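Student: Can you keep this structure in mind? I'll have questions shortly.
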Amino acid sequence: MEERFRQHPSDIIKVVLYGPESTGKTTLSKQLAAHYNTLWVPEYAREYLQDKWNKEQKTCEPDDLLPIAEGQMRLENEYTTKVDSLLICDTDLLETKVYSEAYYLGYSDPILEKYALQNSYDLYLLTYIDTPWVKDDLRDKPDERDNMFLYFKNTLEKHQRNFITLKGDNKARLATAIHTIDKLLKHD
């Protein structure tokens, strides 16, 4: 059962867009994939939870977290086989773990916890909250952006993940991300 949450072995560089809701992760994922002529792994939770909202008018519940994690890893493992050197990930299980803890009083399913910490990436691009918050059916914490950003940042630091923080407008964020990814690709 747990194999569904494990990354498949790979020699490619994996970069994760990571951070609070409505901070430009998907936009940057698409732009980076286009710049590097590679693929980007979409956020499975967005499709899963939007479908749930459309059918039931319900948001995420604890029982949704493992299916979301499984779907995310299925996509990531599938896309990993389709690229040669670089994969951009719109999210990862560590982000799912952070949201689980933030929404469910510190709780994270032990399986989610295990693979969120075990799966590895070469770089996290932590998106800062200096972008306008955009409301949609799933976003619900516009007044908690500062706290959520700190939670995300502290999690990366606690688990000693390689990361940089992206700030400024989209052009500045993209330039910083490209500069940092280029350094990774040169050392590969």
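Any read-out appearing in this document is the output of simple, stated calculations on the displayed coordinates, not a laboratory observation. Here the structure is a predicted model, which is why all the values come from computation and not from measurement. Cβ atoms come from the backbone with ideal geometry, glycine included; neighbour counts cover every protein chain shown.
Student: Can you list residues from other chains, or at least 5 along the same chain, whose modelled amide H is less than 5 Å from the amide H of Thr127?
Tutor: Answer set, sorted by chain and number: Tyr18, Gly19, Leu166.
Student: What's the magnitude of the charge dipole for segment 2-187 around its Cα centre, counting Lys and Arg as +1 and Asp and Glu as -1 at the beta-carbon? Answer in Debye, nearest 20. Kindly include the intermediate steps, with their values, before the conclusion.
Tutor: Values: 25 positive and 32 negative charges, 131 e Å.
Once rounded to the nearest 20, the dipole reads 620 debye.
Student: If I take every Cα pair under 8 Å that is 6 or more residues apart in the chain, average their sequence separation and divide by the length, what percent do I get for the relative contact order?
Tutor: Relative contact order here is 33 percent.
Student: Per residue of segment 70-82, what does 6.51 cos²θ - 1.76 cosθ + 1.60 with θ = phi - 60° give for ³J(HN,Hα)? Whole Hz please, x for Gly and Pro, Karplus curve as stated.
Tutor: After applying 6.51 cos²θ - 1.76 cosθ + 1.60, I find 4, x, 4, 6, 4, 4, 4, 5, 5, 5, 4, 6, 9 Hz.
Student: Right, here's the next one. Take the chain, connect every pair of alpha-carbon atoms lying under 10 Å apart with a spring to form a Gaussian network, then pick out the residue of Leu126, Leu105, Leu156 with the largest mean-square fluctuation.
Tutor: Leu105
Student: Can you compute log10 of I(q)/I(0) for the chain with the Debye formula, treating each Cα as one identical point scatterer, at q = 0.15 Å⁻¹?
Tutor: -0.88
Student: Please compare each pair in Lys114/Lys153; Lys52/Lys97; Lys97/Lys186; Lys14/Lys167; Lys14/Lys171; Lys141/Lys171 to a cut-off of 29 Å on the Cα-Cα distance and tell me which ones are over it.
Tutor: Flagged as over cut-off: Lys97/Lys186.
Student: Build a GNM of the chain with springs between Cα atoms under 10 Å: which of Glu76, Glu144, Glu56 gets the top mean-square fluctuation?
Tutor: Glu56
Student: For the chain, build the charge dipole from Cβ charges (+1 Lys, Arg; -1 Asp, Glu) around the Cα centre, then report which of Thr26, Gly168, Gln50 sits farthest towards its positive end.
Tutor: So the residue we want is Gly168.
Student: Let me ask you something else. What value, in deg cm²/dmol to 500, does the helix sum -39500 (n - 2.57) over DSSP H runs of n ≥ 4 give at 222 nm once divided by the residues of the chain?
Tutor: Computed ellipticity for the chain at 222 nm equals -15500 deg cm²/dmol.
Student: Follow-up question, since we're still on this one. Report the residues of segment 88-127 in range of a label on His187: point 7 Å along Cα→C-beta, backbone N strictly under 20 Å from it.
Tutor: Within reach of a label on His187, which here means backbone N under 20 Å from a point 7 Å along Cα→Cβ, segment 88-127 contributes 88-89, 119-127.
Student: So between Thr26 and Leu105, what do we pick up on full extension, going 0.36 nm a residue minus the alpha carbon distance?
Tutor: Answer, rounded to one decimal: 25.7 nm.
Student: If you take the beta carbon distance between Lys167 and Lys55 as r and set R0 to 45 Å, what does 1/(1 + (r/R0)^6) give as a FRET efficiency, to the nearest 0.05?
Tutor: Plugging the Cβ-Cβ distance into 1/(1 + (r/R0)^6) gives 0.75.
Student: Same structure, new question: Check which residues have an amide H placed less than 5 Å from Ile13's amide H, if you skip close sequence neighbours.
Tutor: So Ile13 has HN proximity to Leu86, Leu87.
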